[in-house]
Amino acid sequence: VITLRRLLKKLGNPQESYKVFHVAGTNGKWSTCQMLSQVLWKEFGYKVWLTTSPHLIKLNERIQINGVMISDDELNSYLGQIYTITQDEHISLSFFEHMTLVAFLYFRDQKVDFAVVEVGLGGKYDATNVFTHPLATLITTISDDHHRILWNSLAQIFWNKAGILKKDVPCFTRLTTPLMHRAAQVKQAPLHIAHELVSTNLHGIHQQQNAGLAFHCLTTLWFDPTRVRQWLTQITHPWRTQWLAANILLDGAHNEEWVIVFTNYIQSIRHRFKKVITIFWSTKTREEYPKFFNTLIQGDINYLVLPAIEHRAVDPATYQQHLSFATSNWPTLSAIWDKLPRNDTNTLIIVYGSLYLAGEFLQTYAQKNAQSLSSWEKQ
């Protein structure tokens, strides 16, 4: 972060050119960012940039203005500029720092009104934590994930994520814990607790909670409550409880808290189907898996599928201790595709876990059905 700040200062601090919503948390960040950005540009007509991670199919997904991704030519141009500068300054940046810097420069040059920025990992030491006075900070949820990077205890993880709080900048959250109040007090950040559940077209009570957080943030600032509520029922949101067909459900649930929430939703709809097939993958480490895998969804048939891009995982035998999979090896998605009853509305096909798997399935589904991804890319 120190190196990135030095480089940003040399470039004129482009990250200070727009009003920023800075969003951290374990789960719910991506959904909350989508809600904030889409309400601001679809209902209120602002020019809004959104930067999130990771991407599912295309790198450009990480940098968008009003739902339109940065073009390949623009992305390559900015990466070239950054490469030249880092070589001249003898600076080494991570992949995420490169993409964050591209976003800051691109959005300054495009003269956007608002920026909705999702924290990459943690908060205090994240590459996005370079704003001196954002418009607002938001903390979604805090749970035990990425603990090898963010420290071991939940309290330490919380303090890392709360590192985005700034003096005199309002912080919006649903968390009511003593730690949350203490962090706001230490940072001298006005704390706003969102209690309300707000209706949204997205599935699950957790999305009503995310909508409640976005609603409370926007309306506490200056945005009209009626108009905010209206557009929170029209959010487009790929790979978050996304129905690709009447019997195919895709979700990026890849940690314990998220899987529990997703499982609760599955239980509420399972009675509509005679049979359930799950397709799952996870990059959890050997230290993380014991508690996490107790939350896996038990289908009639379960596939442990290896995404083409993935290389990290616990040994399949370890997975088998918690859930019975149809094969003892790691089949690819293409290897089981023809075995899936994709047109059988009595069988629910659930794809969840690694975001690499979600992205590959989304792309495969579109290609196999001779559909263009252009409609998804514009969301």
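Search region 170-180 for residues being hydroxyl-bearing (Ser, Thr, Tyr) and in a loop (DSSP other than H, G, I, E, B), and hand back the single one that is most open to solvent (accessible area, probe 1.4 Å).
176
Pairs please, first residue from region 19-47 and more than 19 Å from residue 174 (Cα to Cα) and without any contact (Cβ under 8 Å) to a residue 60 or more places away in the chain, second anywhere and open to solvent by less than 10 Å² (accessible area, probe 1.4 Å) and not charged (D, E, K, R), Cβ atoms under 6 Å, 6+ apart in sequence or on different chains.
Close Cβ pairs satisfying both conditions: 41/48.
Name the residue, out of 183, 189, that is touching a helix residue (DSSP H, G or I) at 6+ places or on another chain (Cβ under 6 Å) and surrounded by 13 or more Cβ atoms within 10 Å (Cβ to Cβ).
Every option except 183 fails the conditions.
State which residue pairs qualify: first residue assigned to a loop (DSSP other than H, G, I, E, B) and open to solvent by less than 50 Å² (accessible area, probe 1.4 Å) and inside region 221-235, second residue of a type in the set (Gly, Ala, Ser) and at pLDDT below 95 in any location, beta carbons under 9 Å apart, and separation of 6 or more residues or different chains.
Listed pairs, sorted by first residue: 235/31.
Would you check which residues across region 192-206 are touching a strand residue (DSSP E or B) at 6+ places or on another chain (Cβ under 8 Å) and either surrounded by fewer than 18 Cβ atoms within 10 Å (Cβ to Cβ) or of a type in the set (Phe, Trp, Tyr) (or both) and list them?
Those that are touching a strand residue (DSSP E or B) at 6+ places or on another chain (Cβ under 8 Å) and either surrounded by fewer than 18 Cβ atoms within 10 Å (Cβ to Cβ) or of a type in the set (Phe, Trp, Tyr) (or both): 192, 193.
Quick one: in region 236-262, which of the residues that are under 24 Å from residue 139 (Cβ atoms) and free of Cβ contacts under 8 Å to residues at least 60 places away in the same chain is surrounded by the most Cβ atoms within 10 Å (Cβ to Cβ)?
241
Going through 219, 173, 177 one at a time, which residue ends up being out of contact with any Phe, Trp or Tyr (no Cβ under 6 Å at 6 or more places or on another chain) and within 18 Å of residue 118 (Cβ to Cβ)?
173
When the residues of region 300-339 are narrowed to those that are of a type in the set (D, E, K, R) and over 17 Å from residue 252 (Cβ atoms), which ends up modelled with the lowest pLDDT?
Within region 300-339, the match that is modelled with the lowest pLDDT is 315.
Can you spot a residue in region 253-275 that is in a helix (DSSP H, G or I) and of a type in the set (Lys, Arg)?
Yes, some residue in region 253-275 is in a helix (DSSP H, G or I) and of a type in the set (Lys, Arg).
Could you list, in sequence order, all residues of region 327-370 that are crowded, with 16+ Cβ neighbours inside 10 Å, of a type in the set (A, V, I, L, M) and out of contact with any His (no Cβ under 8 Å at 6 or more places or on another chain)?
333, 336, 340, 348, 349, 350, 351, 357, 358, 362, 366
When only residues in region 271-299 that are modelled with pLDDT under 95 and of a type in the set (D, E, K, R) count, which is least open to solvent (accessible area, probe 1.4 Å)?
Restricting to residues being modelled with pLDDT under 95 and of a type in the set (D, E, K, R), the top hit is 284.
The values are calculated or read from the model by the stated rules, or taken from the named source; none is laboratory data. Keep in mind the model is a prediction, meaning the values are calculated, not measured. In this analysis, Cβ positions are derived from the backbone assuming ideal geometry, glycine residues included, and neighbour counts consider all displayed protein chains. The protein model used for the area step is the full one, side chains on, heavy atoms only, and it has no ligands, DNA or RNA in it. Shrake-Rupley method; radii C 1.70, N 1.55, O 1.52, S 1.80 Å.
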